[in-house]
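This is the structure I want to talk about, given as structure tokens.
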Amino acid sequence: MDFSFDITSIITLIILLLNFLLCFYVFYESKGKKESIIFGFLVFVIGFWIFSTYLVDRAINENIALSLSKIVFIGPIIIPAILLHFSLVFPFYKNEITKKKLLFIYIVPLLLLVLLYTNLIVKDVDIQEWGTNFIYGSFYLFFIIYFLLFIIYAFIEAIIKYKNSSGLHRMQMKYVFLGILISAVIAILTNIILPIFNIQEFSYIGIQSIIFFVVFTSYAIVRHRLMDIRLVVKRTAIYASTIIIIILLALGLYWLEMTYFKEIIPPGVWGPIVLLLGLILFESLKNYLERIANKYFFASIYNYQATLEKLAQKLTHSIDLDQIIDFHCQNY
């Protein structure tokens, strides 16, 4: 592999990093929600496609490039099916998805994945100065038809839902699918349409167009509560601060030991003592920092959670509707 870095490589790797950060965040905050899990897999497969394309364009010989070319196609084969599935469940179910419908969504990509082991989709490669040129097999046209039909179907479903939605759901759909649409149009042009005419040197533009998907989705998360990023920021800040403080305390104790107690405390004893103190202090210190964060930095989140807990307790102890309404009015 040739891993020399130019501006195109750097931009691609930055987009890849941002994509996987988005993927990590989506899975971290999914909480078992089907639409979040499906979207997380979509983001992961897009990242896998970016990474495999980056590798194939840096292959040092045609045998490696041919093997990698088949791996590259895994992403484009799976992405339309996952996107269609996502459009059916996000942000709400229009109709229950039956097993037959799921079979319809995934049977074609499964067939195409099997065909990757043959020469029917990619039969050969040719290494050029700009990267790897793919020589397509007889089933490449079938792949294009499948790809375009599933993408169009997914956006038709999204448009129908968008027209029937309102408020927060409407804004979430607007930015998520707008980002997907911009990235998809550019990628289809540079990575599917132009290669039909044997123009493949602009495929990196399709990969880098994923930045629109990442940016618009991130905006939907932050601005329109696609997922509450404040909770992640809060948890990350608290745990990071706790670990940093304990490390600083450990370094301070180590400095004291080396400066004043080197001759008193035998070697090998100080490490377990510091580790034990860290384990004892961690939970208490984390709880203390959490109270400070709730009071000064994340008061709105804390008040919201505390109110929900109080309401839940009230509901379990009272069946008087007037009392519950009074409590709701006093706390909201």
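Derivation of every value follows stated rules applied to the coordinates shown; laboratory data play no part. What you see is a predicted model, and the numbers here were worked out from it, not measured in a lab. Note that we place each Cβ from the backbone using ideal geometry, even for glycine, and neighbour counts take in every protein chain shown.
If each residue's Cβ is checked for other Cβ atoms within 10 Å, how do 212, 197 rank with the fewest at the top?
Listing 212, 197 from fewest to most nearby Cβ atoms yields 197, 212.
Quick check: from the Cα gyration tensor, does the range 92-215 come out rounded (a/c under 1.5), prolate or oblate?
Values: a/c = 3.18, a/b = 1.50, b/c = 2.12.
Oblate is the answer for the range 92-215, as a/c is 1.5 or above yet b/c matches or exceeds a/b.
Quick one: grab the alpha carbon gyration tensor of the range 1-150, order the square roots of its eigenvalues as a ≥ b ≥ c, and give me rounded if a/c is under 1.5, else prolate or oblate depending on whether a/b is larger than b/c.
Working: a/c = 3.03, a/b = 1.37, b/c = 2.22.
Verdict is oblate for the range 1-150.
Taking a 26 Å limit on the Cα-Cα distance, which of the listed pairs 174/295; 100/161; 34/286; 34/123 fall beyond it? Each step should come with its number before you reach the end.
On the way: 174/295 35 Å; 100/161 21 Å; 34/286 31 Å; 34/123 37 Å.
Violating the 26 Å limit, Cα to Cα: 174/295; 34/286; 34/123.
Using Cβ counts within 10 Å as a stand-in for footprinting exposure, how do 291, 170, 58 rank, fewest first?
Values: 291 12, 170 15, 58 18.
Listed from fewest to most nearby Cβ atoms, that is 291, 170, 58.
Taking the Cβ of each residue in 130, 49, 255 as the centre, tally the other Cβ atoms inside 10 Å and list the residues starting with the fewest.
The order, fewest Cβ neighbours first, is 255, 130, 49.
Can I ask one more? Taking only the alpha-carbon positions of the range 87-126 and ignoring solvent, what does the Debye formula give for the base-10 log of I(q)/I(0) at q = 0.14, 0.28, 0.35, 0.36 Å⁻¹?
-0.50, -0.93, -1.08, -1.10
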